[in-house]
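Since the structure comes first, as structure tokens, the remarks are kept for the end.
Coordinate-derived values only; no laboratory data. For clarity, every value in this text was computed on a predicted model and none was experimentally measured. Positions of Cβ are generated from backbone atoms using ideal geometry, with glycine treated the same way; all protein chains shown enter the neighbour counts.
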Amino acid sequence: MTILDGKKTAADIKEEIALEVAELKSRENIVPHLAAIIVGHDGASITYVNAKVKACERVGFESSLIRLPENTTEKELLNEIEILNIDNDIDGFIVQLPLPEHINEQKIIMAIDPDKDVDGFHPTNVGKMALNLPTFISATPFGILELLDRYKVETSGKHVVVIGRSHIVGSPMSILLSQKRKVGNATVTITHSRTKNLKEITLQADIIIAALGIPEFLKADMVKDNVTVIDVGITRVADSNKKSGYRLLGDVAFDEVSKKAAFITPVPGGVGPMTIAMLLKNTLLACHRNN
Ligand code: NAD
């Protein structure tokens, strides 16, 4: 069994990006610049956005964090987005989700200039992704493709079962892996909360992508021998033994499933760290396009 080490792979990618940034800087005096907007004071969102800003600094990017109060109106947020859209110094930006309930998330995503949408959530970019055209692939699916690629996990002709159909993970993952691309050419089955015979389906899978958000949902009796398992789930569960007061659990019962698996991602240290690395990769791509 091989652990797909997202932490190490993400560190490798960041090192590659840092080298490229240093070269860009010395050769052309260009520094990629990522901005992030966060609205409100949700603890997990602040942790994520701070991690993104810190990662920018480590690879030599410029970063700007725009913190707005919880009671920011939709119009005020749209104004901030317009400022970033027209600012030539900003290569790409993200609006940290989820947003407070009084703000329409879809309207906000639609307002972002697709050429600066390094999260890849704008319908223009989702459409391009679905058509297999060059675009920003959203960070989590992009990270999974990269992890499978770097560990040379064969996907061509394999049966991939995706559990979950969210717009940010399950759905793009199923589209990408079925496409004619380096990490792709798979036969994909997408499953969700209304799927009736899930275990029958997962037992046929060569590769399983679990993205449903139910801790330790995928058990050993649901997978065949030599399966590859990508665990996207991250759920915080209370744990008084931890300094933070919680620990992170994936969607896969790792201890039992790993005994049958050929490749498997851990939680934490699997898909999670890859997400930030791929956001940086998208920002570098935006910077190249910008110049
Ligand atoms: P979501 O809540 O938007 O969607 C969950 C999906 O799971 C739905 O499509 C639903 O139909 C399906 N589902 C629910 N119960 C099911 C069941 N019993 N059987 C089969 N399918 C079922 O989830 P999301 O935003 O895709 O996130 C999924 C998990 O991945 C969460 O734990 C989230 O925190 C995590 N996540 C991690 C990263 C990362 O960077 N590692 C990124 C995004 C999401």
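Quick notes on this structure:
- Crossing angle, helix 6-28 versus the chain [Cα axis fit, 0-90 degrees, rounded to tens]: 30 degrees
- With all pairs of separate Cα atoms included, the range 139-272 yields a Kirkwood hydrodynamic radius of 14.8 Å.
- If the chain linking Gln179 and Asn291 were pulled fully straight, counting 0.36 nm for each residue of separation and taking away their Cα-Cα distance, it would gain 37.3 nm.
- Taking amide H atoms as placed 1.01 Å from N in the peptide plane, the amide H of Gly92 lies under 5 Å from those of His33, Ala35, each 5 or more residues away in sequence or on another chain.
- Per-residue [θ]222 nm for the chain (sum of -39500 (n - 2.57) over DSSP H runs n ≥ 4, rounded to 500): -12500 deg cm²/dmol
- Projected-area mean, the range 19-131, by convex hull of Cα positions, square nanometres: 7.7 nm²
- Each of His159, His33 was scored by other Cβ atoms within 10 Å of its Cβ. Arranged with the fewest first, they read His159, His33.
- Each 10 Å bin from zero holds the following percent of Cα-Cα pairs in the chain: 6, 27, 34, 24, 8, 1.
- Peptide ranges 104-117, 167-180 listed from the most packed, as the mean C-beta count within 10 angstrom indicates: 167-180, 104-117
- Listed pairs Lys259/Lys281; Lys116/Lys158; Lys158/Lys180; Lys7/Lys128; Lys196/Lys224; Lys128/Lys224 exceeding 24 Å between Cα atoms: Lys259/Lys281; Lys116/Lys158; Lys7/Lys128; Lys128/Lys224
- With Cα atoms, 0 to 90° folded angle of helix 271-290 axis to the chain main axis: 40 degrees
- Folded to 0 to 90 degrees: helix 74-86 orientation relative to the chain principal axis, Cα: 80 degrees
- Take every pair of alpha-carbon atoms less than 8 Å apart whose residues are at least six positions apart; their mean separation over the length of the range 28-113 yields a relative contact order of 41 percent.
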